[in-house]
1. Which of (1) free of Cβ contacts under 8 Å to residues at least 40 places away in the same chain; (2) over 21 Å from TYR172 (Cβ atoms); (3) touching a Lys or Arg at 6+ places or on another chain (Cβ under 9 Å) does ILE80 not meet, given it meets every other one?
2. Please state which one of LEU140, LEU122 is at pLDDT below 95 and more than 13 Å from the chain's Cα centre (by Cα).
3. Considering each residue of segment 85-104, count those that are touching a strand residue (DSSP E or B) at 6+ places or on another chain (Cβ under 6 Å) and surrounded by 15 or more Cβ atoms within 10 Å (Cβ to Cβ), and give that number.
4. Check segment 64-84 and report whether any residue there is open to solvent by less than 30 Å² (accessible area, probe 1.4 Å) and either aromatic (Phe, Trp, Tyr) or at positive phi (or both).
Amino acid sequence: MSFVKLPSVASWRHEGARAGFEVAFFSVDDRGPRVQGTTTATEDGGSWVVDYVIQLDESWRTRSARIVGRSAASTVVTVIEADGMGHWQVDGVAAPHLQGCLDLDLEASAMTNTFPVHRLHLPVERPVDAPAAYVRAVGLAVDRLDQTYSRSGEGHYDYTAPVFGFSCRLVYDQHGLILDYPGIATRVQ
């Protein structure tokens, strides 16, 4: 599936797992797509804000990210670098537990599920592993998240994250941006 050019801005209402809102701004430079955004939410009685700037290469592999998380407990900044071949550094330290990951997935964001569908060009009904560097919303801990995507039809992808016992059908628009992430978020603009 091919996608049309990204809009300059998109937004999502987070609902179900948390109540909140996310806005992301898209641009392209000589390195590839760049996304700058913010998510604010209340979840399990606590409120948080996550700001992010993510640089991708022309093949939609994550190359760098600067993430700032704020909660009642603290403000944390995490800087992530990747070589596009599956090697990662978190705050300047090698992260071998992320070996083989090509995508960044922010717990705070519905938008980051855009990256693997652009990168993989999935055929219909063929599940593909897409492990990601997964950044928690509160505290910004970075873990490996094993997940799979399978294109089930035009704009529809079956998604699984076994560690969370979670699976759903994601609905994307012509830009490759999520319209409906069941139990997580819906696209507003």
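The values are calculated or read from the model by the stated rules, or taken from the named source; none is laboratory data. Note that the coordinates shown come from a computational prediction; the quantities given were computed from them, not determined experimentally. When we count neighbours, we look across all protein chains shown, and the Cβ atoms used for this are built from the backbone with ideal geometry, even at glycine. When the accessible area is computed, the model is the full protein with side chains, heavy atoms only, and any ligands, DNA or RNA have been set aside. Shrake-Rupley method; radii C 1.70, N 1.55, O 1.52, S 1.80 Å.
1. That leaves (1) as the condition not met.
2. LEU122
3. Total meeting the criteria: 8.
4. Looking for residues that are open to solvent by less than 30 Å² (accessible area, probe 1.4 Å) and either aromatic (Phe, Trp, Tyr) or at positive phi (or both), one finds at least one in segment 64-84, hence yes.
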